[in-house]
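Computed from the coordinates by the stated procedures, all read-outs in this text should not be read as laboratory data. The structure presented is a predicted model; accordingly, all values stated were derived computationally and were not measured. Neighbour counts run over all protein chains shown; Cβ positions are idealised from the backbone, glycine included.
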Amino acid sequence: MVFQAYTQALMEGMETWVELPVDRWPKHWVGKYRRPAVLLRIALYGHPDSGGLWEIHCEKMLIAVGFIMPDPEGWPSVFFHPELKLLLVVYVDDFKMSGPKESMSKGWELVGSRIDMDVPTDIGRYLGCDHVQELQVKLTVHDHPFAHLFDKSLPDPAAKEAAAAERTQDFWEVDASKGVYIRHHCQPRKGYYVPDEEIVNACNLTDVRFTDFVQSTSEDDAVSEWDKYLDETGGYAQGKKKPALWVGATYLFAKTCKDPKIAVASIKRDKNDAKKKARAQGFRYMDQLFKDQPCMSKPVNVMTYDMQPFLQSCIDRYQSLAGKDAKPLKQVSTPFHEERIARPLEGESEPKGALAPIAARVLMKILFAARMARYDLLRAVQGLAARVTKWSTDCDKALHRLICYIHSTLDHKLKAFVGDRIQECKLWCFADADHAGEYDNKSTTGCFLVLIGPNTYFPLTAFSKKQTSVSVSSTEAEVVAANISLRTVGLPSSGLWAYLQNAGGGIKHSGRFAKRKHQNPT
C-alpha cells in the first residue's frame, strides 16, 4: 500500500490556486487575511488531473529502478524487472508483485527507494477479495478439471456416447472419372446386391462386382470379396448369401473402367488421404494438445479467492435499499428467474419495477465480485445491468432471485493451483455464445481465460457481454463471440505471456508463492 499516493506527484500544467481551511493557516495569517489562496504544488486528492499525474510519476519512479513496461498500451500499469524476474501490477496505490522468492525483498526495496510506501504485508485482502494460500498441497486428479487431457487413461467427464450414423437408408456414390458406382448398404441384408436391368443399361455396367461387408451383429473388420452377378445362363443371379446379416458397400464398374482392381484401390486411397488432409487442416481436439503424461503427480500451491464477506455486504445493501420491497431470501440452485434473463420494459405505458431506483447501486457492487472471483454470477448480473434504464416488474423478480442465489452460495470460492514451471503451462481462452438469448434476439458472448498445465489450473479472467448486432445463425453468433474474446482477452494475454516466456528470460516460480503481497505467479 502506497502512503498518500497522489500527493507524491507534483502538480503540472495549468496553474491551480486553492483556498486553505482556517485550521491549516500559519499563525501569522490569522487576522491578516480573510480568504487567502495559495498555489497548488502537489497533486491533491479531488483534483481531476491528480490521478493521471500520479500514474506518470509512478511509471517514472519504477522505470528508474529497472522496471520496464512490456506492453504500455495493452497492459498499462504492468511492470517487469528483467534481472530480478519480478512482475509488478499497480492499481492506483495498491501494488502486487510476484516472482522468485529470493528476489522479492530486493524488489520491494527498489520500489520503496523511490516511492513512499507502507511495509509490504503478507498476502491477504486485495480489492475486497481475501487471498488464502496453501503451500505444497497434494491434490488428486479429480481436482484438475482437465486431467484427462494429460493422463489419457482417465475418461473425459464431458464425453458423450458416440452418435448413431446419420444415414439409415441405402444410397449411391458415383466416381465418374474412374467409372465406378458404389452402393452403400445401411440396411442389414443377407444377399449380395445385384442391380436390376434398368440400372445396368443406364450406367453401362459390366458383370464384375466388388463387395465390402461387415456383419451387423459383430464388430469384425470389413471383409472384401470379388465376384460376378451373372449366372451361367447370363441372367441376373442374386449371387451367394451370407449366413448372417451384413452392411457395407457394393462396387459396380462401368465398361469404361479399364481395371476395376486399380479403380477400387485408388478410390480407397483417395478417401484415406482426404481424411488425413482434413484432419491436418482442421482444428486440433483438446485431447491432442498434450502428450500422455502424469497429472497431479506432485504437490501444488493453492490460492483460494474468497469473496464471502464482500458478497454478504451485497446482500445487506440490497435489503437496506429495497426496504419494504425486499422479500425473504430462500435457497435456490441457479441465479436465473424462469431459467432466462428477465424481460425489460416494452413500452412507456408499462409501469417500472419497484426496485428501479436502487437496481444500479446493487448490481454494480455485485458485478465487482463477479469479475473478481465469482464467474457464475457474470451472465445474470450482465443481463440485469443492461436493463437498468428499462427496469420492469420482471426485473424485480430476477434481482431477488439473484440475491437468493448469492445467499445460497456464499461459501462458493474460486480455487486455483500452480505446480509447474511457466514453460510447462499454456494459456487457454474459451469463447461461447448464447444465440438469440435476449428478448431483442441479440446474442451474448461469454469468455474464460485459464492457465493450464499437468499440475496447474489457474483461472485468470472471464466476462459476459451482450453482442451489439443480431446474428442470423448460431454459427455467426459463435464467430462473433470468438472475435470479441480474442481481441479483448486472447491476443493481449498471449502477447504478455509470450514476453514473460521469451523476452523475460524464462521466469521460474518452482511451484511456490512469494510471501509478500503479490500477483499470482504466472
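Normalised by the residues of the chain, what does the relative contact order come to in percent, with Cα pairs under 8 Å and at least six apart? Once divided by the residue count of the chain, the mean separation gives 16 percent.
Across the cross-link table entries Lys178/Lys261; Lys178/Lys228; Lys365/Lys413; Lys101/Lys291, which are compared at the Cα atoms, the separations over 22 Å belong to Lys101/Lys291. Projecting the Cα atoms of Thr461, Pro100, Cys295 onto the dipole axis of the chain, where Lys and Arg carry +1 and Asp and Glu carry -1 at the beta carbon, places Pro100 farthest toward the positive end.
Counting neighbouring Cβ atoms within 10 Å and putting the fewest first, the residues Thr393, Thr444 line up as Thr393, Thr444. Which of the residue pairs Lys152/Lys271; Lys397/Lys442; Lys190/Lys271 have a Cα-Cα distance greater than 25 Å in the structure shown? Among Lys152/Lys271; Lys397/Lys442; Lys190/Lys271, the Cα-Cα distance tops 25 Å for Lys152/Lys271; Lys190/Lys271. When shorter helices are ignored and each DSSP H run of at least 4 residues is given -39500 (n - 2.57), the per-residue value for the chain at 222 nm works out to -8500 deg cm²/dmol. If only the Cβ of Lys and Arg carry +1 and only the Cβ of Asp and Glu carry -1, the dipole of the range 308-412 around its Cα centre is close to 200 debye.
Simple rule: put +1 on each Lys or Arg Cβ and -1 on each Asp or Glu Cβ in the chain, find the dipole, and look at Gln133, His28, Cys425; the Cα lying farthest toward the positive end is His28. Shape analysis of the range 306-377 places it in the prolate category; the axes a ≥ b ≥ c from the Cα gyration tensor give an a/c of at least 1.5, with a/b above b/c.
May I ask you to list the residues of the range 67-97 whose amide nitrogen lies under 17 Å from a point 7 Å from Cα along the Cα→beta-carbon direction of Leu135? Correct set: 97.
What FRET efficiency comes out for Glu173 versus Leu245 if R0 is 25 angstrom and r is the Cβ-Cβ distance? Round to the nearest 0.05. Don't skip to the answer; put the middle values down first.
On the way: r = 22 Å, r/R0 = 0.87.
Here the calculated transfer efficiency is 0.70.
A simple charge model with +1 on the Cβ of Lys and Arg, -1 on the Cβ of Asp and Glu and nothing else charged puts the dipole of the chain at about 1180 debye relative to its Cα centre. Rounded to 0.05, the FRET efficiency of the Ser105 and Asp292 pair, given R0 = 30 Å and the Cβ-Cβ distance, is 0.15.
Take the chain and mark each of the GluC sites (Glu not before Pro) that is in a DSSP loop with at most 13 other Cβ atoms within 10 Å; the longest unmarked stretch, sites excluded, is 349-522. Tell me the Kirkwood hydrodynamic radius of the range 6-120 in angstroms, computed as one over the mean inverse distance between distinct C-alpha pairs. After inverting the mean inverse Cα-Cα distance, the result is 16.4 Å.
Once the Cα-Cα distance is subtracted from the 0.36 nm per residue extended length, the Thr468 to Arg24 segment shows a gain of 154.5 nm. When Tyr499, Tyr33, Tyr251 are sorted by how many other C-beta atoms sit within 10 angstrom of their C-beta, beginning with the fewest, the order is Tyr33, Tyr499, Tyr251. Here's the picture: charge each Lys and Arg Cβ at +1 and each Asp and Glu Cβ at -1 in the chain, and of Thr444, Pro328, Leu10 the one pushed furthest to the positive end of that dipole is Leu10. For the range 354-394, the residues whose amide N sits under 19 Å from a probe point set 7 Å from the Cα of Glu338 along the beta carbon direction are 354-356, 380-394.
A straight line joining the Cα centroids of the range 55-79 and the range 380-400 runs 40 Å.
The mean sequence distance of close C-alpha pairs (under 8 Å, at least 6 residues apart), as a share of the length of the range 6-120, puts its relative contact order at 20 percent.
Treating each Cα of the chain as an identical point scatterer and summing with the Debye formula, the log10 of I(q)/I(0) at q = 0.09, 0.10, 0.11, 0.12 Å⁻¹ comes to -0.89, -1.00, -1.11, -1.21.
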